[in-house]
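What follows is calculated from the coordinates using simple rules that are stated; it is not laboratory data. Owing to the predicted nature of the structure, the values given are computational and were not obtained by experimental measurement. Glycine also receives a Cβ, built like all others from the backbone with ideal geometry; neighbour counts cover every protein chain displayed.
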Amino acid sequence: MRRNPIRLATLLLGSALALSACATQKQVAAPARPAWALAIHGGAGVMDRETMGPETEASYRAAMHAALDRGRTVLEKGGTAMDAVVAVVRGLEDDPQFNAGKGAVFTADGRNELDAAIMDGATLKAGAVAGITGTKNPITLARAIMEKSPHVMLIGAGAEKFGQQAGVEQADAAWFFTERRWQSLKKTLKERGLPIPARPAGVSTEPVPLAAADMAFEDRKYGTVGVVALDSAGHVAAGTSTGGTTAKLWGRVGDVPIIGAGTYANDKSCAVSATGTGEYFIRLGVARAICDLVELKGMGLQQAADEVIQARLTALGGDGGIVAVTPDGQVAWSFNTSGMYRARQVAGGEPVVGIFKGEP
Ligand code: ASP
């Protein structure tokens, strides 16, 4: 049968137009990856406005905004996700409000034993430290281990020795000491019928008086810090730093430095930083589990985070939360406690800061 050439041409033109319309629609439907994204937590737990008080609340909100500023400054200049993570975590480690670096909680024998980890999603390289006592910024030591040693994790005295040789800044016990964490330790030890250790060397022998409101709030003992970032090259990274849990047994290691539990990053899926009762996060491999759901089951980041935190962690009896980011710019947080200090921002968007459940 002979085809009518005009009709054929019309048909072809029609299909070409339909195809190009489809392509245009597709471009509109798939949002471009943001230039950068950042999410930060400062610990999760039982938090309510009344106990916290307006001044403390304002102070934590300001700290979260300052943390976003630090990360944004790195990422807007085209800096790497790794650099942004380190800049933000270091700032929070130096802020005595948080349970990381200065202001860390004490072990049952009155020491600050710090844990931290960092992971680069581009290379799957990771560095971690556990039980260190004399490094000013544990996240910097974790990064030095990743970059300058053949290992992933160093602990205790060996980690400190490596840090000294690598030129990582040291600090003595007095730097980490805060009165409110010390009083919190004393209270917890009394409740458990355990002996109260001597105050650390270099610290005033007399307790500094604290406001009753400070102590009421301090009883809740939160403040682990963590950051996830996406940079303009499309790479993700995660970092977390903590003093652990108040009155923990000497030598206890939490989830933070365990790669895949409290900290994980992989450009194929996502970057996650966690906070909460570490034992549960270790048992569930929380951070890695979220990334696996994204990579292997194709779940959206929020859905994957909720599956692990709201369903699995809750079912096991654990408490806490996470922040996470994907290489395509999804940002999520999920927590099963009444609060989590948190902040997020995506290039071109406004900063979002929250503390209590029910906030955006
Ligand atoms: N996850 C930390 C730990 O168990 C503590 C916390 O996040 O509050 O060491």
*Which translational diffusion coefficient, to the nearest whole µm²/s, is obtained for the chain from the Stokes-Einstein equation, given a Kirkwood hydrodynamic radius over C-alpha pairs, 10 °C and 1.306 mPa s?*
75 µm²/s
*Span-rule helices in the chain, defined as complete DSSP H runs reaching 24 Å or more along the axis (Cα) with Kyte mean at least 0.5*: 5-29
*Of Q183, Q165, Q303, which has the largest mean-square fluctuation in a 10 Å C-alpha GNM of the chain?*
Q165
_If packing is taken as the average count of other Cβ atoms within 10 Å, what order do 46-54, 188-196, 325-333 fall into, highest mean first?_
325-333, 46-54, 188-196
*Express the relative contact order of the chain as a whole percentage, based on alpha carbon pairs under 8 Å and six or more residues apart in sequence.*
24 percent
*asked:* If I model region 39-112 as equal point scatterers sitting on the Cα atoms and use the Debye formula, what is log10 I(q)/I(0) at q = 0.13, 0.23, 0.28 Å⁻¹?
replied: -0.47, -1.06, -1.25
*Only Cα pairs under 8 Å and at least 6 apart count here; give the relative contact order of region 187-312 as a rounded whole percent.*
17 percent
*Check Q170: other-chain or 5+ apart residues with amide H under 5 Å from its amide H, H built from backbone geometry?*
K136
*asked:* Test of understanding: extend the Cα→C-beta vector of Q164 to 7 Å, then name every residue of region 226-253 with backbone N under 12 Å from that spot.
replied: none
*Going by the alpha-carbon gyration tensor, a ≥ b ≥ c the square roots of its eigenvalues, is region 303-360 rounded (a/c under 1.5) or, if a/c is not under 1.5, prolate (a/b greater than b/c) versus oblate?*
oblate
*Mind checking which aspartates and glutamates have their Cα closer than 18 Å to the Cα of K190? Skip sequence neighbours fewer than 8 apart in that chain.*
D109, E179, E218, D219
*Karplus-derived HN-Hα couplings along region 302-316 (A = 6.51, B = -1.76, C = 1.60, θ = phi - 60°), whole Hz, x at Gly and Pro*: 5, 5, 5, 5, 5, 4, 7, 7, 6, 8, 5, 5, 5, 4, 7
*For V325, what charge total do you get from the other residues with a beta carbon under 12 Å from its beta carbon, if Lys and Arg give +1 and Asp and Glu give -1?*
-1
*What list of ³J(HN,Hα) couplings, whole Hz, do you get for region 224-239 from phi and the Karplus terms 6.51, -1.76, 1.60, once you set θ to phi - 60° and write x for glycine and proline?*
4, 10, x, 9, 10, 9, 10, 9, 5, 8, x, 9, 10, 8, 9, x
*Could you name the lysines in cross-link range of K187, using Cα to Cα under 25 Å and dropping any fewer than eight places away on the same chain?*
K102, K221, K248
*Just from its helices, what would the mean residue ellipticity at 222 nm be for the chain, if runs of 4 or more DSSP H residues each count -39500 (n - 2.57) and the sum is divided by every residue, rounded to the nearest 500 deg cm²/dmol?*
-11500 deg cm²/dmol
*asked:* With θ taken as phi - 60° and the coefficients 6.51, -1.76 and 1.60, list the Karplus ³J(HN,Hα) couplings across region 42-47 in order, rounded to whole Hz; mark glycine and proline as x.
replied: x, x, 10, x, 6, 9
